[in-house]
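Structure first, commentary second.
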Amino acid sequence: MIGFSSLASLPRLRNYVSRRISSYDKTGGNRDAWLIKGGEKKVIANIEGPACIKHMWMTLGIPQEDYLRRIILRFYWDDCSEPSVECPIGDFFGMGHGMRKNFVSLPLQMSPQDGKGFNSWWPMPFRNKAVIEVENQGEGEYWHYFYIDYELYDSVKAVEGLAYFHVQWRREADTNGWAYRDKLSLQSMMRDPRWYNVDGKDNYVILEAEGNGIYCGAHLDIDCFHRNPNDWYGEGDDMIFIDGEKWPPSIHGTGTEDWFNCAYSPRQEYNAPYHGIILYSGTRSWPWRGKQTVYRYYIEDPIRFYKSIRVTIEHGHANGLSLDISSTAYYYLTEPKRGGPPLPPVEERLPRPDEEIYEPKNSL
């Protein structure tokens, strides 16, 4: 069995060989990046197993920031024909909105300068083969620097009992909340029968998967683009339905800010190993205006499922708010398969422009 890293396990001399694939200049020169042209798809790693990817570092010389949503990462395990990871590259490394920003979590980081150094520490074991490709769905070319550090084993026994890494990216550009749609005040909302969410069917879906595995958390990238008398998104409860269970699920939370382990309408950025607020964009006059990024990673407490999992969260209490929400969920399955639905086209992935904010003169 692989011993995953901790200070206590470092002195244990396990049986593996350290390897790296990188973009270094094989001529001995200093052109240490690959040029990826507009519309080009390129395999950056083809690794024979048994092995485990332990760390990935990347930095991109891109023509504009929204290329973080135009460039796609795909991972294929053990000759599976569909990608277990298919994700916009910026979102894969922990930050949405087509933005780079310094932050630190345990599995993911964006590092100086200004978040341009991407790091992933998710362990990714496989038995026979790993293929990692990038696709540039933009029109312009860009420069791609990368390291992929892995352990190579002499026997498949080293990875027996270990599951395959998967990622699921989703977005609802407008959650079409009933309270905003019907122009209801907070007092009117509280008197409406829809105030009581007793099925979770209209919740935003973070992850939906079938199989035997563990869920390791997600980051949410929320854009509050409607001015609303109750536009504080933090009252949305998380609800995780395991192995086909009905409402109420066995894991039911008390609010979005509680899900990412903060409290009392936080208006501060904060990074911890497993939870935090990477981006806060509110103003004094409109505390929840614009783009927010929050995360909760279940590293010490991964959520086990045996047949299926459906991870959801309300968009505002009882799904009353109209928000732009995207999410990246990380999980493991005992067999490789497609990681979520196919990605939407580029136009449906691009971040909402900051000026696209609806603030009526006579707000509700």
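Find the relative contact order for the chain and round it to a whole percent, using C-alpha pairs within less than 8 Å whose residues are 6+ positions apart.
Values: 911 pairs, mean separation 85.6, N = 364.
Here the relative contact order equals 24 percent.
Considering only protein heavy atoms, what per residue accessible area in square angstrom results for segment 159-307 with a 1.4 angstrom probe?
45
With a/c under 1.5 counting as rounded, go ahead and sort segment 1-143 into rounded, prolate or oblate using the C-alpha gyration tensor (a ≥ b ≥ c being the square roots of the eigenvalues; past the cut-off, prolate if a/b is larger than b/c, else oblate).
Details: a/c = 1.65, a/b = 1.39, b/c = 1.19.
Because a/c hits 1.5 or more and a/b exceeds b/c, segment 1-143 counts as prolate.
Could you order Arg310, Arg267 by accessible surface area, starting with the largest, using a probe radius of 1.4 Å? Each step should come with its number before you reach the end.
On the way: Arg310 65, Arg267 135 Å².
Highest to lowest solvent-accessible surface, that is Arg267, Arg310.
Which of Trp122, Ile214, Leu13 sits closest to the plus end of the dipole of the chain, meaning its Cα is farthest towards the positive end, when Lys and Arg get +1 and Asp and Glu get -1 on the C-beta?
Value computed over the given set: Leu13.
If Arg19, Arg12 are ordered by their accessible area, calculated over protein heavy atoms with a 1.4 Å probe, which sequence runs from highest to lowest?
Working: Arg19 115, Arg12 150 Å².
Result, largest first: Arg12, Arg19.
So what is the 222 nm mean residue ellipticity for the chain from helices alone, if each DSSP H run of at least 4 adds -39500 (n - 2.57) and you divide by all residues, rounding to the nearest 500 deg cm²/dmol? Could the numbers behind the result be given before it?
Working: 5 runs with 22 residues, N = 364.
Mean residue ellipticity at 222 nm (helix-derived): -1000 deg cm²/dmol.
Please give the Cα centre distance for segment 164-206 versus segment 319-350, rounded to the nearest Å.
17
Convert each backbone phi in segment 222-227 into a coupling constant with the Karplus relation 6.51 cos²θ - 1.76 cosθ + 1.60 (shift: θ = phi - 60°), then list the ³J(HN,Hα) values in order as whole Hz, x for Gly and Pro.
These are the phi-based 3J(HN,Hα) values: 10, 10, 8, 9, 9, 6 Hz.
List the relative contact order of segment 28-96 as a percent without decimals, with contacts defined as Cα pairs under 8 Å and 6+ residues apart. Before the final figure, lay out the partial values.
Values: 38 pairs, mean separation 13.7, N = 69.
RCO, segment 28-96: 20 percent.
Given the protein chains as shown and a 1.4 Å probe, how many square angstrom of Leu10 are accessible, to the nearest 10?
Its accessible surface works out to 120 Å², give or take rounding.
With springs only between Cα atoms under 10 Å apart, run a GNM on the chain and tell me which of Ile21, Ile325, Ile72 wobbles the most.
Taking springs between Cα atoms under 10 Å, the residue moving most is Ile21.
To the nearest 10 square angstrom, what accessible area does Ser22 show with a 1.4 Å probe?
We get 20 Å² for Ser22.
Sort 147-153, 78-84 for me by packing, meaning the mean count of neighbouring Cβ atoms within 10 Å per residue, highest on top. Before the final figure, lay out each step's value.
Working: 147-153: 18.9, 78-84: 16.4.
The most tightly packed comes first, giving 147-153, 78-84.
Going from most exposed to least, what order do Glu210, Glu141 have by accessible area with a 1.4 Å probe?
Details: Glu210 130, Glu141 100 Å².
The residues order as Glu210, Glu141, largest area first.
Per residue of segment 10-26, what does 6.51 cos²θ - 1.76 cosθ + 1.60 with θ = phi - 60° give for ³J(HN,Hα)? Whole Hz please, x for Gly and Pro, Karplus curve as stated.
For segment 10-26, the Karplus curve yields 4, x, 6, 8, 7, 9, 7, 10, 7, 9, 9, 10, 9, 8, 4, 6, 6 Hz.
So what does Trp121 come to for accessible area, using a 1.4 Å probe and Å² rounded to 10?
My reading of the accessible area for Trp121 is about 120 Å².
What percentage of the solvent-accessible surface of segment 1-144, computed with a 1.4 Å probe over protein heavy atoms, is contributed by carbon and sulfur atoms?
Values: 3280 of 6540 Å².
About 50 percent, which is the carbon plus sulfur part of the accessible surface.
Report, in whole Å, the centroid distance computed from the Cα atoms of segment 126-156 and segment 221-276.
Centre-to-centre (Cα) distance: 33 Å.
Report ³J(HN,Hα) in whole Hz for each residue of segment 243-255, in order, from the Karplus equation J = 6.51 cos²θ - 1.76 cosθ + 1.60 where θ = phi - 60°; Gly and Pro get x.
6, x, 5, 8, 5, x, x, 5, 10, 10, x, 10, x
Mean separation of Cα pairs under 8 Å and 6+ residues apart, divided by the residue count of segment 195-338: what relative contact order is that in percent?
Working: 325 pairs, mean separation 64.0, N = 144.
Across segment 195-338, relative contact order equals 44 percent.
The values are calculated or read from the model by the stated rules, or taken from the named source; none is laboratory data. Keep in mind that what you see is a predicted model, and the values were worked out from it rather than measured. We place every Cβ from the backbone using ideal geometry, glycine too, and count neighbours over all the protein chains shown. Ligands, DNA and RNA are stripped out before the accessible areas are found, and what is left, the full protein with its side chains, is counted by its heavy atoms. Shrake-Rupley method; radii C 1.70, N 1.55, O 1.52, S 1.80 Å.
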